[in-house]
1. Determine which single condition T45 fails, assuming it passes every other condition in (1) surrounded by 12 or more Cβ atoms within 10 Å (Cβ to Cβ); (2) modelled with pLDDT under 90; (3) over 30 Å from H86 (Cβ atoms).
2. Quick one: which residue in A28, A101 is touching a residue at least 24 places away in the same chain (Cβ under 8 Å), closer than 30 Å to G161 by Cβ and not polar (S, T, N, Q)?
3. Looking at the range 88-135, which of its residues are surrounded by 11 or more Cβ atoms within 10 Å (Cβ to Cβ) and charged (D, E, K, R)?
4. Could you figure out which of (1) surrounded by 12 or more Cβ atoms within 10 Å (Cβ to Cβ); (2) part of a loop (DSSP other than H, G, I, E, B) isn't true of S60?
5. Go through the residues of the range 115-135 one by one and say whether even a single one is in contact with a Phe, Trp or Tyr (Cβ under 7 Å, 6 or more places away or on another chain) and part of a helix (DSSP H, G or I).
6. In the range 136-179, what count of residues is obtained for those that are more than 21 Å from L117 (Cα to Cα), surrounded by fewer than 12 Cβ atoms within 10 Å (Cβ to Cβ) and hydrophobic (A, V, I, L, M, F, W, C)?
7. What number of residues within the range 14-24 satisfy the criterion of being closer than 11 Å to K2 by Cα and surrounded by 12 or more Cβ atoms within 10 Å (Cβ to Cβ)?
Amino acid sequence: MKTCSKCNKEKDFTEFQKHSSSRDGCRAKCKVCSKEDSEKTGRKTKYDIKVHPKQVLKYSLLGLTDSQMAGSFDISEATFNNWKKHHPEFLESMLAGKIEADANVASTLYKRALGHLQKRKVAFKVRQIDDKTGKLYDAVEVVEVEDYYPPSDQAINLWLGNRQRKKWGSKSEIEHSGELKGKTTIVFSKGAKGKD
């Protein structure tokens with residue numbers, strides 16, 4: 001039996017954590033008192049419910065990985081994963097950002113694949129006559145113009161290659177029967193399709 005230095009209760013040795021450098025091989029405080037002390041003096045979390053959910057949304061929209069976001073918060077990836085587990089608002093913000101970012105990119109890729117019109121404002125320098133003095137002066141006039149962007153082959157290939165992989169994927173299957181003799185060279189060209 002041993003007496004706890006904090007609660008002054010006499011307890012069995014199994015109620016104390018082992019400590020090799022002490023005379024009796026146990027810590028001075030019992031396990032219960034040690035746990036209470038560690039809960040009071042444990043390191044305070046960096047997590048701030050007012051700041052971190054908003055910030056993780058922004059980082060997700062930028063396309064950062066979990067590891068990069070953890071680095072931006074100056075925490076370890078393990079701590080970042082704990083925040084996701086223990087703070088549902090944090091996880092929801094992160095997932096919402098990733099979904100929104102993916103949706104925006106998909107929308108832009110879709111427009112590029114089809115071709116589209118896009119409006120923009122252009123400033124022109126014009127010469128005008130002052131009604132009162134009759135003198136010429138320079139002025140700036142802003143005009144809205146519409147630009148046409150033709151369909152992009154690259155965007156079309158990427159879209160169809162991912163959405164309809166069986167029909168449009170770049171993977172080619174080749175069957176061979178018989179024996180190869182001597183030096184054989186097989187040449188593949190990008191995008192080559194087998195006969196159906």
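1. So T45 meets the others, but not (3).
2. A101
3. Passing the criteria: E89, E92, K98, E100, D102, K111, R112.
4. Going through the list (1) surrounded by 12 or more Cβ atoms within 10 Å (Cβ to Cβ); (2) part of a loop (DSSP other than H, G, I, E, B), S60 breaks only (2).
5. Checking the range 115-135: not a single residue is in contact with a Phe, Trp or Tyr (Cβ under 7 Å, 6 or more places away or on another chain) and part of a helix (DSSP H, G or I).
6. The number of residues fulfilling the criteria is 4.
7. 2
Each row is one residue, and each column tells you yes or no for (1) small (G, A, S); (2) at pLDDT 90 or above; (3) farther than 30 Å from V56 by Cβ.
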| residue | (1), (2), (3) |
| --- | --- |
| E92 | no, yes, no |
| A96 | yes, yes, no |
| R112 | no, yes, no |
| R165 | no, no, yes |
| S170 | yes, no, yes |
| E173 | no, no, yes |
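The values are calculated or read from the model by the stated rules, or taken from the named source; none is laboratory data. From a predicted model like this one, the values you see are computed outputs, not experimental measurements. With ideal geometry, Cβ positions are generated from the backbone for all residues, glycine too; neighbour counts draw on all protein chains shown.
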